[in-house]
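Presented below is the structure to which this report refers.
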Amino acid sequence: MSMTPLAARRCRHRTEGLSRAEAEAHLDELPGWTLGDSGIAKTFSFANFHETMAFVNAVAWVAHREDHHPDMTVGYNRCRIQWSTHSVGGLSENDLICAAKVEALGVD
């Protein structure tokens, strides 16, 4: 899977959030992600628990490298990820960057 412009960026300290229009302008780079009131989210499905946990660990590595951490809800064969930026009270560019990096993992 090729890297999108968002996935090529790095997270940094943010003091301002994104407007809904700014966020929507990037959703074409994030297939399946939905924009909510306070962030973006997507649910990923897997064949089994092992695949789910491998994905969770890959997302944890992305979060660690970017120093930006999602809320994750994990079940046997699924994982829901929600990115938001607490310091800005909503969505920031960091959330879009991390979602794009998760997409670059190539999980269908």
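A 1.4 Å probe run over the chain, with the rest of the protein chains in place, finds 57 Å² accessible per residue.
Between residue 45 and residue 15, the FRET efficiency from the beta-carbon distance, with R0 = 25 Å, is close to 0.10. For the chain, the relative contact order is 42 percent, taking Cα pairs closer than 8 Å that sit 6 or more residues apart in sequence and dividing their mean separation by the residue count. What a 1.4 Å probe finds exposed on the chain is 50% carbon and sulfur by accessible area, rounded to a whole percent. Residue 45 contributes an accessible area of around 80 Å² to the protein surface, as traced by a 1.4 Å probe with all chains present.
Kindly identify region 1-96 as rounded, prolate or oblate by the Cα gyration tensor criterion: order the square roots of the eigenvalues as a ≥ b ≥ c, call it rounded if a/c is under 1.5, otherwise compare a/b with b/c, prolate if a/b is larger, else oblate. Prolate is the answer for region 1-96, as a/c is 1.5 or above and a/b outweighs b/c.
The values are calculated or read from the model by the stated rules, or taken from the named source; none is laboratory data. Here the structure is a predicted model, which is why all the values come from computation and not from measurement. With ideal geometry, Cβ positions are generated from the backbone for all residues, glycine too; neighbour counts draw on all protein chains shown. When the accessible area is computed, the model is the full protein with side chains, heavy atoms only, and any ligands, DNA or RNA have been set aside. Shrake-Rupley method; radii C 1.70, N 1.55, O 1.52, S 1.80 Å.
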